[in-house]
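Each value in this text was obtained by applying a stated rule to the coordinates, not by laboratory testing. Bear in mind that the values here come from a model prediction, so they are computed numbers and not experimental data. Positions of Cβ are generated from backbone atoms using ideal geometry, with glycine treated the same way; all protein chains shown enter the neighbour counts.
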Amino acid sequence: MPALLTLCRQGKILKTLDFLFQRFVKAILVVLGVVILNFVLIHMAPGDPASVLAGEAGAGDAKFIAQLRAQFGLDQPLYWQLWTYLKGVLTGDLGYSYRNQVPVMTLILDRLPATLLLTGCAFVFSLVLGILLGVIAAYRRGSIADSVVMTSALVFYATPLFWIALMSVLVFSLHLDWLPPFDMESIGANYTGWARVADIAHHLVLPTVTLGLFFTAVYTRLTRASMLEVMALDFVKTARAKGVPKAQIIRRHVLRNAILPVFTFASMQAGQLVGGAVLTETVFAWPGIGRLMFDALLQRDYPVLLGVFLVTAAVVVLVNLITDLLYRFVDPRIEAAS
Amino acid sequence: MNAPRTPLLRVENLSIPLPTGLDREFAVENISYDLHAGEILCIVGESGSGKSMTANAIMGLLPDYLNPSGGKILFRGKDLLTMRESDLEQERGRSMAMVFQEPLSALNPLMKVRDQIAEVMEVHGERNAETRDRRVLDLLEYVGLPDPANLRDAYPFRLSGGQRQRVMIAMALALEPALLIADEPTTALDVTTQAQILDLIRRIQKAKGMGVMFVTHDFGVVADIADRVVVMERGIVVEQGLAEDVLNRPKHPYTRRLIAAVPHREAHDAKAAAEGDLILDVRNLRKTYRSGGGFFSRPRVVNAVNDISFTLRRGETLGVVGESGSGKSTLGRCLLKLTEVDGGQVLFRGSDVVPLSAGAFRPLRRHMQMVFQDPFASLNPRQTVGRILTDGPVANGVSYADAEIKARELLALVGLETSAFDRYPQEFSGGQRQRVGIARALALDPELLVADESVSALDVSVQAQVLELLQDLQRKLNIAIIFITHDLRIAAQICDRIAVMYRGEIVESGPPEQVFDAPQHAYTQRLIAAIPGLHWNPRLAVL
Amino acid sequence: MNFFKRYARNYGALIGLAILFVVVVLAFAAPLIFPVSPWQSVGDPLLPPSEDPAFPFGTDMLGRDIAAGLAYGARVSLLIGVISTAVAVVIGVSIGALAGFYGGRVDDLLMRFTEFFQTIPAFAMAVVLVAIFNPTIVSITLAIAVVSWPPVARLVRGEFLSLRSREFVQAAVVIGQSGPRIMFTQILPNAISPIIVTASLMVATAILTESSLSFLGLGDRNMMSWGFMIGAARTMLREAWWMSVFPGVAILLTVLAINLIGEGLNDAMNPHLRGRKG
């Protein structure tokens, strides 16, 4: 206990508690904000909220509309409606999809793993490749390798994601027949165990690469810029004055300092990655929540649309929260700054 | 001292061309000097003299676009300029080491102190981690850092400026190099810290018999530590010799000019300032900064200005002297209501301005003006000098035509061409810009002028001119000046009274003679003892 | 002037300018070159490119001219790109300027608000907004503006925050200038170049977002757009590659051009700012 007391006296624990408290409150507020935003959108949409929620298909069903009215208390005052809606969301009730005849939450939870797999792979792919290329470009600044990397990054940064997806299907699936163009698993094959893993991995290649390329371009540019910036800092000169060879300077001094801002940026881009997943999953018929969102769009299935929006926002908030916490361990300066 | 035959380091006719399109062709041109083992050689010059350039050339740390075009740098007889990079790497850190100006940015922020020091030994072949560890501990102890066992695990941001510079020195000493290059190592430090670091460098140099090349702009520092001196002007060595000779019998006109400009306590003709009207009466002024803190932890509280009282009369100059963090700048900002005040009164011509709202105070602002520190940041780069000078009067209801006439008069008054009116700040030198800043303040006919470190960013010769201008203007316009500075020498040169600030409080105040000759407070005594070149009188050198 | 000289030294930026010039001309001249609506069937369906000299880029499954679609699509892309960026910049600059200049509570409140919009997935939100308010050119433009202002606000806030403590701004306070006057005459002119650079890059992003929305079927039904063309070509990928290739190249070139211009502006404007320390 005395050790703990000393720590308390130093304020270290209290500071950390403060930090955790702040971040959790912030995360919860953002999610709450999205819930309220959803509520506002339903009410701002042209037409009766009940028919908006029912969607084009359900609007003809009088019984369903009446049920919705009761569920959301649409004859009650607005703040009461909001309260009812909030209560529903807190208990995991995101509404009911008339089209699919299942609760929205069930639909989303069903699809979420596929999306997490895809975005996770794309994230790792783009971050690893982007940092690698960025480091090479910075290390060999002005070389041919640098120009090639930076020009490709510029091009991929300007290419619409859905179009790369289509073009890769055109080339690698339709013409070369190397990789499967659609779905997550071979239909009817019923693989199990490692065979199934291999099958999914095979299906994963094209979506991952397409989704990842745009972000690879972003991280490449960022890493290179960050490396060059750090290489111009004084402590790099100190390292040279110590007689440290160039490669070791890059590895030990420049890289860590340069990569921190790339990580920060990457975690801030988690939301963008989800947006990209909507497009990628649409093209590759990947059975994730992005595809779910697209289907909901086609069917004007608003409860699903809003549900997906809320869940993706929550996932992004969670990712940001985790990075914030990790950062506290990686960068010694943060504790002092907060 | 008997210098050995072959010098440790010989710079021979070194020339480094600048990229085309700059104001001169060479960064350094045809310079030669020797450095012997066991001596401290000071390279002294103003900014742009090329004094740091040679230091970097020796270490092979010049930026890519600068390449020596001629000459040799012989280190123990071997030419460093023709050496392969890998061989140079062997020498760097082992037989020659360098200490830089800015100790915070010179240390890797993400690496513990011990690892940064140990790295020198590691890259030069010390494989045993335990040996390295022991050596790190010894070194930290040797450079006088407190509690080395704990401090070695700290990250640089946790250390004070002086501690960081000690870490840098420990790192440079790790392999006991024969040559130590120190590039303005004390410029970023407070004067008391500077004195300690200078002491340390001298002590180490004596103990290890190293050759030290010490680059500085401050003749006071030269007087304190140099054995021999090289004076540089615009890339050329204008004079070199024993410190004793150069300091006391300078031959070259440039050296003489520089030494004449070194701030020094003047014999004051006691001015009858005490008879002027009371302009400012500050009573129990308080300003507290709070930072951090949250739901669980308490905020950090700093009393930046703690219960300060003083008065100021028309035509009087009050020097506020203190080190960084003493609260001297906060005091200035409080007086002009550039920051919220937490308590006390500021009576300007008898009425308290503290309770006034921003809007109610604005009409009074013209009476209290400020001259800022940074000649580059204090003028809006997007406005012409004319606009800068007329903005104030126009904001206070003067017509633009009148403001323009006044502005042109002011330009002449501060010693600038009236054609400066239509030009942008970027076209002027630091000293000229500072004159514009003074003209801006005077455009409103103020009764009180707060000068916050107004000459500390300037080269010493320019500094002397601006100080002279300020004194001259005060005589003509009879305004009251609060002169905030970290440099006791300057305060002693131009102020009627000096107030010494330490941790938010005025610990001592009085006329310069009293503060200098009979300092009462322990801190004042420390501050005065730390003045570089205290025992050297530059005025005698250029009689 | 100096600025143009510096800009002209950057070949990429010049190429970007040339491409953008072509796209703009095409957008303005579309009704002159292709008097018939791009929705109208004008030839045989699924003509491959250069088979019929009248249709150098081929036709789609309904016999509509791809070339006409490309020209009219340029109008939508540029229109939405520029207007949504303008709206986003106005929102972002206002919020960022107030937060950065006044600081304290105002800053806290506005920045929490900005962070909220920055955290939630931008594209998903744009999809939801457009879907709920029905896809029209107005709703699309506003939706893109709503999801793209936060970076501007943060940038402007940062600039204002750092410029506010700069000595020349302090000097403006000391000579008695009022708050709004200081914001407009002292701070804003010094913050304008990063805003211009960011805005130019935002136009590129907005064009990408617009094409993605219309690819998903969330485009204005009355206006032909590149994203819609690619979306419509999706099912014909095997039969008619040209239907999706050409609009994609059009987007790629336009966005690339604008990015190149943005970088050129950045390079040309920044030394001017750094010149102060020189």
Item to check | Given charges at Cβ of Lys, Arg, Asp, Glu: chain B dipole, positive-most of B:L534, B:Q474, B:L180 | outcome: B:Q474
Checklist entry - For segment B:105-174, what class follows from the C-alpha gyration tensor (a ≥ b ≥ c being the square roots of its eigenvalues): rounded when a/c is under 1.5, otherwise prolate if a/b is larger than b/c, else oblate? => result prolate
Checklist entry - Magnitude of the Cβ-charge dipole of the protein assembly as shown, K/R +1 and D/E -1, about the Cα centre, nearest 20 debye? => result 1220 debye
Item to check | Residues whose placed amide H lies under 5 Å from that of B:I40, excluding near-sequence neighbours | outcome: B:V212, B:D227, B:R228
Checklist entry - Separation of segment A:187-249 and segment B:472-543 by C-alpha centroid, Å? => result 59 Å
Checklist entry - Which shape class applies to chain A: rounded if a/c is under 1.5, otherwise prolate when a/b exceeds b/c and oblate if not, where a ≥ b ≥ c are the square roots of the Cα gyration tensor eigenvalues? => result oblate
Checklist outcome for this item: For A:K26, counting only lysines whose alpha-carbon sits under 23 Å away and dropping same-chain residues fewer than eight positions off, the answer is A:K12, A:K15, A:K87
Next on the checklist: Given the options B:G220, B:C495, B:A149, identify the residue whose Cα lies farthest towards the positive end of the charge dipole of chain B (+1 on Cβ of Lys, Arg; -1 on Cβ of Asp, Glu).
Outcome noted: B:A149
Checklist entry - Which Cα, out of B:I169, B:A522, B:L336, lies furthest along the positive dipole direction of chain B (beta carbon charges, K/R +1, D/E -1)? => result B:L336
Item to check | Considering only the protein assembly as shown, percent of DSSP beta bridges that pair antiparallel, nearest 5 | outcome: 55 percent
Next on the checklist: Let's see if you can work this out: charge +1 on each Lys and Arg Cβ, -1 on each Asp and Glu Cβ, no other charges. What is the dipole magnitude of chain C about its Cα centre, in debye to the nearest 20?
Outcome noted: 1180 debye
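Using a simple charge model, +1 on the beta-carbon of Lys and Arg, -1 on the beta-carbon of Asp and Glu, nothing else, what dipole does segment B:105-174 show about its Cα centre, in debye to the nearest 20?
160 debye
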Item to check | Overall form of segment B:249-369 per C-alpha gyration tensor (a/c, 1.5; a/b vs b/c) | outcome: oblate
Checklist entry - How about B:K72: which lysines have a C-alpha closer than 19 Å to its C-alpha, ignoring those fewer than 8 places off in the same chain? => result B:K51
Checklist entry - Which of the pairs A:K242/B:K112; B:K251/B:K476; A:K246/B:K206; A:K242/B:K208 have their Cα atoms more than 25 Å apart in this structure? => result B:K251/B:K476; A:K246/B:K206
Next on the checklist: If I model a spin label at A:L86 and B:L62 as a point 7 Å from the Cα along the Cα→Cβ vector, what separation in nanometres do I get?
Outcome noted: 6.9 nm
